[in-house]
């Protein structure tokens, strides 16, 4: 079974920008969702696509299944999105044994910048860069599925 174990933080500085790889524009539409599961389609730079199923309610660990799908199918599925389609640019920043992914949101979520790091297990403690802000792991307001249903930036980041 595939597991996603990650920690999520708000970003409070710009120092990451000089260290990050080129960004990838992501269009992300949620097709179905509930309190413990979601089904989304994600389009990468308008060239490729992936379908993702996430199941679970734990703060750091969830079951995750991903499948590449034809871009035309993804565009059609996105037309059936529940809520707001998320538009963001994802930057990758390798840091030792870890890779930080920094999401800069656009559109309805403009102003929100979130960093995530995937971990091999919940006990792993990566070094935390100085540009990280408050940890929001387990804060449902910062789940992309929640952002798609609320249509805006959580209050404290505005």
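Data for the structure
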item	result
Scope region 124-145; condition out of contact with any helix residue (DSSP H, G or I) (no Cβ under 6 Å at 6 or more places or on another chain) and part of a loop (DSSP other than H, G, I, E, B); matching residues	124, 125, 126, 127, 128, 129, 130, 137, 138, 139, 143
Single unsatisfied condition, residue 107 versus (1) on the phi < 0 side of the Ramachandran plot; (2) more than 15 Å from the chain's Cα centre (by Cα)	(1)
Residue in region 7-28 that is part of a strand (DSSP E or B), surrounded by 15 or more Cβ atoms within 10 Å (Cβ to Cβ) and at pLDDT below 95 present	no
Residue satisfying condition, being in contact (Cβ under 8 Å) with a residue 24 or more places away in the chain and under 20 Å from residue 4 (Cα atoms), within set 142, 67	142
Output for region 75-102, where each listed residue is out of contact with any helix residue (DSSP H, G or I) (no Cβ under 9 Å at 6 or more places or on another chain), surrounded by 14 or more Cβ atoms within 10 Å (Cβ to Cβ) and closer than 17 Å to residue 33 by Cα	77, 78
Given (1) without any contact (Cβ under 8 Å) to a residue 24 or more places away in the chain; (2) part of a strand (DSSP E or B), index of the condition residue 76 fails	(2)
The one condition in (1) touching a helix residue (DSSP H, G or I) at 6+ places or on another chain (Cβ under 7 Å); (2) modelled with pLDDT under 90; (3) assigned to a helix (DSSP H, G or I) that residue 152 fails to fulfil	(3)
Boolean, residue 50 is farther than 19 Å from residue 152 by Cα and at pLDDT below 95	no
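The values are calculated or read from the model by the stated rules, or taken from the named source; none is laboratory data. Since the structure is predicted, the reported quantities are computational estimates derived from the model, not experimental observations. Counting neighbours? That spans all protein chains shown, and the Cβs are built from the backbone with ideal geometry, glycine included.
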